[in-house]
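A short worksheet on the structure shown next.
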Amino acid sequence: MLESFIPALMLAFSPEVILYVAIGVFMGVTLGAIPGLSGDMAIAILLPIVFFLEPAAALGLLTGIYKGGMFGGSISAISFGVPGTPGSAATAIDGYQAKLKGTPNKALMTALYSSVIGDSTSDLVLIFLALPLAIVALTFGPVEFFALYAFSLLLISALTKGKVAKGVAMAALGVLLAMIGRDPMGGTLRLTFGIPELAGGLALIPVLVGIFAVSELIIQLSKAWMERAERIMDDTRQRAQSLLGDYDASKDKLTFSEFRFTLKATWIGTTMGTLIGALPGAGSSLAAFISYGLAQRFSRKGDEFGKGSLEGVAAAEAGNSATSGSTLIPLFAFGIPGSATAALFGAAFILMGMTPGPRLIYDHTEVIYALFLILIYANFINLFLSQFLLPFYSKIAMIQSRILLPIVCVLAILGTFAAGNSVIDVWVLLFAGFLGVVLRMFNFPLAPLILGFIVAPGAERALRQSLLIGRGDWMHLLSSPIAIGLYTVAAIMILTFTLVLRDKK
Amino acid sequence: MFHKMTNSNKVAVTVVASMMAFAPGVAAASPLSNDPIRLVIPFGPGGGSDITARVLSATAPEFCGPRIDVVSMSGAAGLEAVNFVRNAEPNGHTLLVTDYGPIVTSGFVDDVDWSHDDWQPVMNFTEWLPTVYTRPDHPIQTIDDWVTAATEEPATITFGHASPLGLVHLPLILFESVTGLENIHVPTSGGGETRSLIMGGHIDLGMTLPPSIASEVAAGELTALGIFSEERSPVLPDTPTFREAGYDVVLPAWLMIFATSDVPSETVEHLQDCFMEALASPTAVAMSDRVNAGIEPLNAADSTRLYQNTVENIGNILRDIGEID
């Protein structure tokens, strides 16, 4: 095996491949920063390119897009409160608050560093621990998955400080929205009210962008109108404001001590992201939310979460990015695509005449070694390029909303349409926007709703599969040690945080 | 990169167009305009249908004239794609590439404003042969093992099959109604989930299409029990058909290109000719081999027979289980 390492090294570090990785990262960061567009979409569009490029170059390009997109999603999450990709929904919670406090650059830098740390660790795990971890991942069947989903829902919703009932209600609403469409087991239509367009259910991107982004746009817009009306009424306000308001970029730098303080959260995110990423079907947004929830529990400044905590940004972003290497583990170990991204990489391998699975590394040692090297160094290209780009992006974030909002709004609608070529998605987007406004007005937390919406299809499938396999016996849900362990941890955490920690206040 | 690609496509189209200007016989005969042809697929990108359609879109412009785009529309469980093609202008520039699910099955069970006769096949890419498989250390290793086990203890064997009434579920229903056996049907989110449930020991059997398990079966990491087709699959030469084992259950799936029935017949004929010509080209054959697509094109007439046959079969199964009356 080692003798193929040198040619792989030459392949991975050939100028052409490095250039493709850099182009990919740049495209990924930029596309990911646009609400609704994700790296996955760009990969899907560019798939046929593998017909025309050398395998290493094509994989370099796709890897670059993927990693860039993963981080790019957090740019719009922090800058506009709009998760650019589903995985960055958790990043939006604290990232956007940090921006409102006037420190978008600190949040963006935290996101970048934690993203790169999470991603690199996950890649190393893919390279060195793929097989053992994949075998563990296979022990996750319907029973274990349901326990994991239940755990994540409890963690996020029931522990929202001071708003437990509202959190649970929002998670339930998310689950309800996710149930619209075809019953995954029987095929019957549910909650479609005779509208055939709803048969496929609500798509994730329009709901996500609508709830977070469009609602924010509507609120900002109405604020802007209010201010304008006030201005006309009394003329004391200063007319000419500079384009950037009073943003002072020199005060908005991430210090080393701040970075060190976020490291614990980053490692929590990295660990959870890597583990959850390796489970087929769990996904990056679940990883980000669980990491966020755990980091809050274990933080010395847990109260800061939700108010612009850099730890919150670090945990969510590390959790999100740390799925990127490990999501390929089931694909490499067994040929099972565990996520949409893994499926697209699988398709790319197939288009190149390589069958995903355990034989891949033996049959195409050079290319796969080269891919491993690319996976690692693409992170550094991401770090370098993004560090160069971020000052510009954080200035964009501070452009006055009357200029910025219409642009973001157009991009959100375009991005949503492009993701599924569907006009219905645009209507869902607008509807979700108005729903978001109402929920914000009554101070409901939005994160549990999104998490409920994301995990509900998987949780329902896992629950009903478990019951089918256990022939209707609910005790079957407790038939696995992993599941019992997850339920126990969830119960202990809830008891601890409701009974013990509440008294501290 | 995307721009570069479209540009090079444009160059290719221009080159082809200028070549055709010197071959008036070809250009005059084409009922197509210069607008691109859209192959609409009712599934997400990256799957077998997408990959197969892309072989055609990469090779056919040379033979058909205009550029060919693959458009993925998975909304409303695929019906959005079907409706999009249905409502497009009937000029042969908007075509549907689908298996029988969104068109035959949906035509029966969903509330749609079209019937099976509103569609005409242009060409068939390939036939997919549903295959039952399991892990190698499972006690059931052959069709006979399965039948014996299911007879001794009815409704105990768990069977994973992707979405209900889909390509890899209907054959199981047909098999059960022919043999009277009962299994526990476990719907999954797709082939990947079925496979991880089987390999993790959570369910007993599952159904998939041969190319996705061929290399694992050859390496002894999965066992293929049997195939619901008339003949064995070329990629699984050692796996018997259910017919060989004495059960006459045959329900292959296909991947067909459809036009609406109001597209003029000379347009359909032109498309059929240039698609078939393109797929017979050395480039297309090489691509098809590389992606394991197993493309064996059928012309419009043969595809129509296959389509009508499937409509009848699926109708019978659905009536049989009381899904429609």
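Every read-out reported here was derived from the displayed coordinates using simple, explicitly stated rules and does not represent laboratory data. Quick caveat, the model's predicted, so the values are computed rather than measured. Backbone-built Cβ (ideal geometry, glycine too); neighbour counts: all protein chains shown.
Any chance you could check the Cα centroid distance between region B:273-296 and region A:334-413 for me, in angstrom? About 30 Å separates the Cα centre of region B:273-296 from the one of region A:334-413. Relative to the longest principal axis of the Cα atoms of chain B, the long axis of helix B:300-320 lies at roughly 30 degrees.
I need the shape label for the protein assembly as shown. Rule: rounded when a/c is under 1.5, else prolate if a/b > b/c, else oblate, with a, b, c from the alpha carbon gyration tensor.
In terms of gyration-tensor shape, prolate.
Over what distance in Å are the Cα centres of region B:230-268 and region A:248-287 separated? That distance is 50 Å. Across the options B:Leu225, B:Leu318, A:Gln465, the greatest Cα extent toward the positive end of the charge dipole of the protein assembly as shown (unit charges at beta carbon of Lys, Arg, Asp, Glu) belongs to A:Gln465. Summing Cβ point charges (Lys, Arg +1; Asp, Glu -1) relative to the Cα centre of the protein assembly as shown gives a dipole of roughly 4540 debye.
How many angstrom lie between the Cα centre of region B:38-95 and the Cα centre of region B:118-188? Their Cα centres are 29 Å away from one another. Under the classification rounded if a/c is under 1.5, otherwise prolate if a/b is larger than b/c and oblate if not, where does region B:120-184 fall, given a ≥ b ≥ c as square roots of the Cα gyration tensor eigenvalues? The shape class here is prolate. The DSSP beta bridges internal to the protein assembly as shown are antiparallel in roughly 60% of cases.
By the combined test of axial Cα extent (at least 24 Å) and Kyte-Doolittle hydropathy (mean at least -1.0), the qualifying DSSP H helices of chain A come to A:15-33, A:55-80, A:104-138, A:215-233, A:256-278, A:365-397, A:401-420, A:423-441, A:447-469. Gain on full extension, evaluated as 0.36 nm per residue between A:Ala418 and A:Phe442 minus their Cα-Cα distance, stands at 5.4 nm.
Once you sort the root eigenvalues of the Cα gyration tensor of region A:97-158 as a ≥ b ≥ c, which label holds: rounded (a/c under 1.5), prolate (a/b larger than b/c) or oblate (the other case)? Note, shape of region A:97-158 comes out oblate.
Quick check on the protein assembly as shown: helices-only [θ] at 222 nm, where DSSP H runs of length 4 and up contribute -39,500 (n - 2.57) each and the sum goes over total residues. Nearest 500, please. My calculation for the protein assembly as shown gives -18500 deg cm²/dmol from helical runs alone.
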